[in-house]
Each structure stands twice: as structure tokens, then as C-alpha cells.
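What follows is a single structure, written as C-alpha cells, with notes after it.
The values are calculated or read from the model by the stated rules, or taken from the named source; none is laboratory data. Model, not experiment: these values are computed from the prediction. No Cβ is skipped: glycine too gets one built from the backbone with ideal geometry, and neighbour counts run over all protein chains shown. When the accessible area is computed, the model is the full protein with side chains, heavy atoms only, and any ligands, DNA or RNA have been set aside. Shrake-Rupley method; radii C 1.70, N 1.55, O 1.52, S 1.80 Å.
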Amino acid sequence: MKPVRTALFAPGIKERVMTKALESAADAVILDLEVRAGVIQGRGPRFGRQGHRRAAASTTRPLIYVRVNAATTGLLMDDLDAVVRPGLAAVLLSKAENVEDVQQTAAAIDRHESQRSIKRGSAEIILQIENAFGVYNCFNLIKASPRVAATCFGSARDGDLQTDLAAPGRSKAPTVVCALQVLLDSRAAGSHILPLDGVFSDLSDEAG
């Protein structure tokens, strides 16, 4: 995977925001289909998937990643069917925790690339590690498929990982331990695996 400094999230239901993100100087843009984050449940993920396709077709300057829903939501396969298109650089798999989910994701990408005459291996997988079991199982998740190219640690303050750990934002030690474990597993899995830090959401912190 090409190293990136900045990957900018853009919600999947806001086409204007997605378009602005794709016109930015970010190295990559993450078009977000995750229900509750980038797509509002009531409006349905279909709108977000359609918006992704229109936005992704508008530019090729930043790398295009798409955050898809976790396997447990029942939305993952439909997300992959919608987003595996020419120009997709990577799928960001939310709440990665089970080897079987990674393998099924890779198999679905294989199938869609073959059916759509896309060069095999064009879309890589980024594992978003967002709970305790995902941290514990990280090395096995990386090794589950050759498509896995990166990990993305769930560092968002008071996000899913901290909630799962029952460690609020002020309790930094558990989060640091988990971050180091994901980093260690990423490095142990091979120099080709890119460990990405998670979301930086303090937008008013200019220095940060």
C-alpha cells in the first residue's frame, strides 16, 4: 500500500462534502458508508452507495478508500457489491475481529473484480481495529488474506474501542497498550503492512 499522511473522512450521504473532500490535498479520501457514522440509518445505505459512485467518478487525484459496514450489520456484502469499481484503492473494514469476515470480504472483492474486468488485486483491505477482540486477534486478521495491506487503529476519543474497554477518554493507558499491540502485530506480519493511526477529531486544535 502506498504510504499516506492524511486520509480525510467524508460521510456517504453528503455528496457535496464528498466532492469537496475529493478536491482537497489529502493523500486519500475515505468515503464513509458506515451506518451511524457516514450514513443515517433511516435514509438507508443505498443513497450512500450511490453517492460514493458519483463522487468517486469525479476525480482520481486522491486515493479512494471506502469504509464499509461491519459483517455483523448484514450490510457488508451489499456495500462491497456497490463499491468495488474501477478506481477503488481500498476497503476499510469496520470493526474487524473475525478471520472469517476478512476472508469473506476478500472473496467478495475477488468476485466483483473478476465480474467487472477490474485488474485482480486492485482493491486492498484496511482492517479497522475497534474492539478488544480485534486487538487480541489482530495478527491473525492480517494473515487472513493477501489483500490485507494495512491496519487502522480505532483511536477516536470515546469511540468504539474505548467503550468496549470501558476506558473513557481520560483513561489513556489501556488505549496506548492496544495501540502498541496493533503496531506490534502489524510489524510482525511483514514490512508490507502499513499501520495507520486512527481518527483525529479535535478540529479546533490547530497545532494537533
Qualifying position, being out of contact with any strand residue (DSSP E or B) (no Cβ under 8 Å at 6 or more places or on another chain) and buried (at least 23 other Cβ atoms within 10 Å of the Cβ), among E130, E113
E130
Out of (1) open to solvent by 70 Å² or more (accessible area, probe 1.4 Å); (2) modelled with pLDDT of 60 or more; (3) more than 28 Å from P146 (Cα to Cα), the one R46 does not meet is (2)
Of all residues in segment 175-193, which are outside any loop (DSSP other than H, G, I, E, B) and buried (at least 17 other Cβ atoms within 10 Å of the Cβ)?
T175, C178, A179, V182, D185, S186, A189
Among (1) basic (K, R); (2) within 18 Å of N69 (Cα to Cα); (3) surrounded by fewer than 20 Cβ atoms within 10 Å (Cβ to Cβ), there is one condition K95 misses while meeting the rest; what is its number?
(3)
Close pairs (7 angstrom Cβ cut-off, 6 or more residues apart or separate chains): among the small types (G, A, S) in segment 64-82, in a loop (DSSP other than H, G, I, E, B) and open to solvent by less than 10 Å² (accessible area, probe 1.4 Å) anywhere
A70/S94
Considering residues that are part of a helix (DSSP H, G or I) and open to solvent by 30 Å² or more (accessible area, probe 1.4 Å), the number found within segment 1-23 is 5
Just give me the residues in segment 145-174 being out of contact with any helix residue (DSSP H, G or I) (no Cβ under 8 Å at 6 or more places or on another chain), open to solvent by 50 Å² or more (accessible area, probe 1.4 Å) and among the hydrophobic types (A, V, I, L, M, F, W, C), in sequence order.
A166, A173
Is it fair to say P62 is more than 24 Å from C178 (Cα to Cα) and surrounded by 19 or more Cβ atoms within 10 Å (Cβ to Cβ)?
yes
Can you name the number of the only condition in (1) touching a residue at least 60 places away in the same chain (Cβ under 8 Å); (2) open to solvent by 70 Å² or more (accessible area, probe 1.4 Å) that V199 fails?
(2)
Using the structure shown, decide if K2 is modelled with pLDDT of 75 or more and more than 18 Å from the chain's Cα centre (by Cα).
no
Taking segment 65-75 only, how many residues are in contact with a helix residue (DSSP H, G or I) (Cβ under 9 Å, 6 or more places away or on another chain) and open to solvent by less than 10 Å² (accessible area, probe 1.4 Å)?
4
Give me the helices (runs of 4 or more DSSP H) completely within segment 103-173, filtered to those with at least 1 residues that are closer than 19 Å to G190 by Cβ, ordered by residue number.
132-136, 138-142
Selection from segment 116-127 of residues that are open to solvent by less than 30 Å² (accessible area, probe 1.4 Å) and under 17 Å from A7 (Cα atoms):
A123, I125, I126, L127
Residues of segment 124-153 classified as of a type in the set (G, A, S) and within 12 Å of the chain's Cα centre (by Cα), total:
2
Of A82, A89, A26, which residue is in a loop (DSSP other than H, G, I, E, B), modelled with pLDDT of 85 or more and surrounded by 16 or more Cβ atoms within 10 Å (Cβ to Cβ)?
A26
